[in-house]
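J.: Below is the structure I would like to discuss, written out as C-alpha cells.
The values are calculated or read from the model by the stated rules, or taken from the named source; none is laboratory data. For clarity, every value in this text was computed on a predicted model and none was experimentally measured. Don't worry about glycine lacking a Cβ; one is built from the backbone with ideal geometry, like all the others, and counts go over all protein chains shown.
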Amino acid sequence: MFLNELNKKESIAFVNLVELLAKSDNLFAKKEKNLICDYIEELSLNKDEIPHMSFDKIIEQLKDSTSRIKNIIYLELIGLALIDGSFDEEEIKFLNAIAGQFKFTREDQQKFIDFFKILKDKYDSTFLDADSKINSLKELAESIL
C-alpha cells in the first residue's frame, strides 16, 4: 500500500527482511513466495539486483530511515507473517527483533496487529463496496504510520 515510499536501498533491505521472515518458520509457503515476487515487482526491482544480506546488514541499511519508512516496513512484515494462516513462535521472535531494532514499544506493535484485525473485519463485511473498503483501510493504515 505504501511501499512506493521506500528508496532503492530501503527496498532491497525490505525484500531481504521479507525473505528472512518468510523462512523463519521453516515453512516457505507458496503464498509467501508469490508475495515476495509481488513485492519485487511493486518496488520496481529485478531479482538479480537484490544481494542477499544478513539481518545485521539489513538493520544497518535501515538505521537512517525515517520512522514512517520503518512503520511501513513493519506493517508489511506483519501482513506477510499472517499470510500463511499462522503466526508462529519463530515469526514472533523475528518481528520482536525488528521491533527492538526499530525502537518500537509493545504498544506500537499492538497497533500494527490491531490494524490487521480491523482489516479482516472490514474484508469480511459485505455491506461496504470495494472502493469504500480500500479507502477506509488506507485511512486506517495512514493513521498508524
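J.: Of the residues in the range 18-35, how many are modelled with pLDDT under 80 and either among the β-branched types (Val, Ile, Thr) or not in a helix (DSSP H, G or I) (or both)?
T.: Looking only at that region, the number is 5.
J.: Can you tell me which residue is farthest from the chain's Cα centre (by Cα) among those in the range 15-39 that are in contact (Cβ under 8 Å) with a residue 12 or more places away in the chain and more than 23 Å from Ala99 (Cα to Cα)?
T.: Restricting to residues being in contact (Cβ under 8 Å) with a residue 12 or more places away in the chain and more than 23 Å from Ala99 (Cα to Cα), the top hit is Ala29.
J.: Here are some conditions: (1) surrounded by 19 or more Cβ atoms within 10 Å (Cβ to Cβ); (2) over 13 Å from the mean Cα position of the chain (by Cα). Lys47 meets all but one. Which one does it not meet?
T.: (1)
J.: Every residue in the range 92-115 that is over 14 Å from the mean Cα position of the chain (by Cα), outside any helix (DSSP H, G or I) and at negative phi, please.
T.: Result: Phe104, Thr105.
J.: A follow-up question, please. So in the range 1-17, with the set limited to residues that are among the polar types (S, T, N, Q) and part of a helix (DSSP H, G or I), which one is nearest to Ser65 (Cα to Cα)?
T.: Among them, the one singled out is Ser11.
J.: Turning to a different aspect of this structure: Looking at (1) buried (at least 19 other Cβ atoms within 10 Å of the Cβ); (2) more than 13 Å from the chain's Cα centre (by Cα); (3) under 18 Å from Phe104 (Cα atoms), which is the only condition Asp56 fails?
T.: Failed condition: (1).
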